[in-house]
Amino acid sequence: MADFRHRIEAEFENIQKAISRLPQAKDLPNLSILELAGVAALIHSFYNGIENILKQAILEKGKALPHGETWHRDIVELAATEGVIGKGVHEGLKQYLAFRHFFSHAYAFELDPERLVLLVESAPALFKSLQKDIENFQSDK
């Protein structure tokens, strides 16, 4: 469990760094495409860190990690069904999961600042909720 806590704390720290580097949502419409691409990369890093936490928690429960083309979606679903995350975090992650897919398969010039506004605004609260869910998960062990 100590190893798990150490890995989770490291991910929490990195996620917090990604969030702290995000610009104010109100500034997004005025950013260049290169700046928007940077914001998108930070949002992607934010979500990637969350996936890393979910993977560690699932392994901590002794479950196998999902594989295949849908593993990104499957890991969120498995974390919800295994009680790692609550309904609020589960629902909140769906928009980031969809963005992860878009970011991985689209061109940077297709980024929509208005779509990024919601993701930038929602990230801090979703992160706080995730931290609570993970603390609850750890205390239940």
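Quick note: the coordinates plus some simple rules give every number you see, no bench work behind them. Note that the structure is a prediction, hence the values are computed from the model and not measured. Cβ sites come from the backbone with ideal geometry, for glycine too, and all protein chains shown count toward neighbours.
Just a few scattered comments:
- Cα-based Rg and Dmax for the chain, where Dmax is the largest Cα-Cα distance (Å): 15.3, 47
- Residue-count net charge about ILE53 - beta-carbon cut-off 12 Å; Lys, Arg +1, Asp, Glu -1: -4
- About the Cα centre, charge dipole magnitude for the chain (Lys/Arg +1, Asp/Glu -1 at Cβ), debye: 200 debye
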